[in-house]
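Student: I'd like to ask you about the structure that follows.
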Amino acid sequence: MGLIRALPELLVNQIAAGEVIERPASALKELLENSLDAGARSIAVDLHEGGVRRLRVVDDGAGIERDDLPLAVARFATSKIATLEDLEHAATLGFRGEALASIGAVARLAIASRRASDRHAWRIACEAGEVSAVEPAALAAGTTIDVEDLYFNTPARRKFLKSEATEHARCDEAFARIALSRPDVAFSFAHNGRRTRHLPPETARARGARIAGDDFAAGALEIDVRSDRIALTGLAAAPGFTRPSRDAQFLYVNGRFVRDKVVSHAIREAYADVLHHDRHPAFALFLEIDPALVDVNVHPTKGEVRFRDTGSVHQFVFRALSRVLADPLAGQKSGPLSKFGTVPAFQSLLAVEQPAGRYEAMFATVVEDERRAPASEVAMESAMLGYALAQLHGVYVLAQNAAGLVVVDMHAAHERIVYERLKASLGTASIEAQPLLIPATFAATPQEIATSEAQAATLRTLGLDVSPLSPTVLAIRSRPAALAGGDVVELARSVLAELAQYDASSVIQRAQHEILSTMACHGAVRANRQLTLDEMNALLRDMERTERADQCNHGRPTWRQITVRELDGLFWRGR
Ligand code: ADP
Ligand code: MG
């Protein structure tokens, strides 16, 4: 008597569903991919309760024949490939034939479909693996898929679902990724009866603006580099239009959104020269590669790929992108910026920064300290970094000390000071919060709303009280006292974006310093701010008092000494 037996089909499908249909957003991704594979020109998504209660996708694609309907919900049944050869050259998004079977095993699935040549539509249902008979239905040409009560028969799975807001945000994100990849197709998205996105067929840049923001699309550089069996196209942010987090990085390989270390690394390297280290590039890049040179069948959700020759892919992406970034300001901007076009440090600093009236407020405490110990009373020798002479190009503070000239990168230095201050106050308990008399409100994305709810406690330890005022508006009621004076909305948004990348609190613990460093960057004085001599001296004194002040949070030096001897050498004095 053997012990091994074949599992019943329903259980097999439920197990598969665990991989393919992790949450409503994964079901939505599969359905959208099916609609695109069917050649749809217009796709409407309608969610209820984060997609758990109901998820509907309506398309105007080719439709499914009556006799194919039972096969559509059968596992490993697909119209997209027939042989191993086909698999190796698959140009469709789907090909594993398991999405609908998996959904049907863990939800109430209904498919209504009509091919253009059919006289009417046909409908089939599949509930917890029970497939109904095919019945006539009424529908315009295309396919409508309804998924209700996801995981109703697998409660253990259901428990892993997050709040409605989080599941909604994930669905919105999955939708955005796909919509960005097909600007030629019309999309709409509704949640609980409210339509939140409406995207007509449009240009890639226009779609980029809707999904990744106007500021991104307006400043993005167009890329179109083609080689024999590989091409890179799309939009990449000019170094001046970067983000505080990785929230606007869209990478597609053969039309499919993927996470890929090789390509991501090549992109990072290409930006390394022109990007301030705490900023992240925004991009929507499409790598098209001969299907024979890439394996997309690595993972059931196809979120990863494997390149046959990673080295050449890396090299191609790096070179294609570097070439475009090498002249980032060409045709974008004129004026004083272009003068520094060849000096990376200037590009990133000058382009990223905008003047903001936050310096005085930021430095209020330091300047006060300084009044207590006026510069004139401190002996020259004791002030290691000396005394300020002037500010250079809104970026550097020049000071004189006993050894000669001191040049300080004011943003980098101040960032370190704020960072160390935040770290010290977090070490004691939580960062001291300063309540706002009038809460600051802003129109938030579903992802931001979800993160504010899921991470409320963490936000409070960081001195931020952020909570929803309505389904689309967040209110900030307190800010870190150490960061008084900055743009609190911008600060909250970048912290939310950062937190959205981390799920468990253990990860947040480890990521805390990264988050503080984001906050510090926001609190730090921006370039192009005119400083008074008092303010410059206050910065120098603060640097002397701060641990690790010689390097910014990213390891770059914050100041340099140029000795009188070195200056003499420049002028051949004493030779
Ligand atoms: P796969 O996409 O890997 O083939 P699925 O389970 O997602 O597997 O879909 C099974 C089959 O159902 C597809 O191969 C396709 O023939 C058909 N199908 C699914 N969705 C649609 C749709 N929206 N329009 C037309 N055909 C569809
Ligand atoms: Mg599919």
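Student: Provide the per residue accessible area, probe 1.4 Å, for segment 107-231, rounded to a whole number of square angstrom. If you can, show how the numbers build up before the last one.
Tutor: On the way: 6060 Å² over 125 residues.
It amounts to 48 Å² per residue over segment 107-231.
Student: Could I ask something else about it? Suppose every Lys and Arg Cβ carries +1 and every Asp and Glu Cβ carries -1, with no other charges. What dipole size does the chain come out with about its Cα centre, to the nearest 20 debye?
Tutor: With only Lys, Arg, Asp and Glu charged at Cβ, the dipole is about 160 debye.
Student: Amide H neighbours of residue 440 under 5 Å, at least 5 residues apart or on other chains, H built in the peptide plane: list them.
Tutor: 476
Student: Next up: Enter the angle in degrees (range 0 to 90, nearest 10) between the Cα long axis of helix 488-500 and the first principal axis of the Cα atoms of the chain, meaning the one along which they spread out most.
Tutor: Here the helix axis deviates by roughly 50 degrees.
Student: Please list 3J(HN,Hα) in residue order for segment 413-420, calculated via the Karplus relation 6.51 cos²θ - 1.76 cosθ + 1.60 where θ = phi - 60°; whole Hz, with x for glycine and proline.
Tutor: Whole-Hz 3J(HN,Hα) from phi for segment 413-420: 5, 5, 4, 4, 5, 5, 4, 5.
Student: In what sequence, highest mean first, do 404-410, 540-546 appear when ranked by Cβ atoms within 10 angstrom?
Tutor: 404-410, 540-546
Student: Skip the ligands, DNA and RNA, and give the accessible area per residue of segment 1-51 with a 1.4 Å probe, whole Å².
Tutor: Details: 2520 Å² over 51 residues.
Accessible area per residue, segment 1-51: 49 Å².
Student: Another question about this same structure. Please give the net charge around residue 76, taking every other residue with its beta carbon less than 9 angstrom from that of residue 76, where Lys and Arg add +1 and Asp and Glu add -1.
Tutor: +1
Student: Keeping all protein chains in the complex and leaving out DNA, RNA and ligands, what accessible area do you get for residue 324 with a 1.4 Å probe, in Å² to the nearest 10?
Tutor: 40
Student: Can you send over the carbon and sulfur percentage of the accessible area for the chain, probe radius 1.4 Å, protein chains only? Could the numbers behind the result be given before it?
Tutor: Numbers: 14370 of 27120 Å².
That share works out to 53 percent.
Student: Related question: List the pairs from 29/261; 80/162; 29/159 whose alpha-carbon separation is above 30 Å, in the order I gave them.
Tutor: 80/162
Student: So for each of 469-476, 281-288 I average, over its residues, the number of other beta carbons within 10 Å; can you give me the resulting order with the highest mean first?
Tutor: Descending packing order for the listed peptides: 281-288, 469-476.
Student: Next up: Give me a comma-separated list of calculated 3J(HN,Hα) values for segment 112-127, in order, Karplus coefficients 6.51, -1.76, 1.60 applied at θ = phi - 60°, integers in Hz, x for any Gly or Pro.
Tutor: Couplings: 10, 8, 8, 7, 4, 7, 6, 7, 7, 8, 10, 9, 9, 10, 8, 10 Hz.
Student: In addition: Within a Cβ distance under 11 Å of residue 549, other residues only, what is the Lys/Arg minus Asp/Glu net charge? The partial results should precede the final answer.
Tutor: On the way: positive: 416, 541, 545, 548; negative: 415, 420, 542, 544, 547, 550.
My count for the surroundings of residue 549 gives -2.
Student: Moving on to the next point. Using label points projected 7 Å from each Cα along Cα→Cβ, tell me how many nm separate residue 67 and residue 288, to one decimal.
Tutor: It is 3.6 nm.
Student: Please report the relative contact order for the chain, taking Cα pairs under 8 Å with a sequence separation of at least 6, and give it as a percent rounded to a whole number.
Tutor: Relative CO of the chain lands at 11 percent.
Student: Among 210-217, 79-86, 126-133, how do they line up by average Cβ neighbours within 10 Å per residue, starting with the highest?
Tutor: 210-217, 126-133, 79-86
Student: In whole Hz, with x marking every Gly and Pro, tabulate ³J(HN,Hα) for segment 31-39 from phi via Karplus 6.51 cos²θ - 1.76 cosθ + 1.60, θ = phi - 60°.
Tutor: Rounded to whole hertz, the list is 5, 5, 5, 4, 5, 5, 4, 7, x.
Student: A further question on this structure: Suppose every K and R has +1 on its Cβ and every D and E has -1 on its Cβ; what is the size of the dipole of segment 65-187 about the Cα centre, in Debye to the nearest 20?
Tutor: Details: 16 positive and 19 negative charges, 43 e Å.
With Lys and Arg at +1 and Asp and Glu at -1, about 200 debye.
Student: Would you grab the residues whose amide H sits under 5 Å from the one on residue 552? Only those 5+ places off in sequence or on another chain, please, with H modelled 1.01 Å from N.
Tutor: The answer is 558.
The values are calculated or read from the model by the stated rules, or taken from the named source; none is laboratory data. Fair warning: this is a prediction, and the values are worked out from it, not measured in the lab. As a convention, Cβ positions derive from the backbone with ideal geometry for all residues, glycine included, and neighbour counts pool all protein chains shown. Note: areas computed on protein heavy atoms with side chains; ligands, DNA, RNA excluded. Shrake-Rupley method; radii C 1.70, N 1.55, O 1.52, S 1.80 Å.
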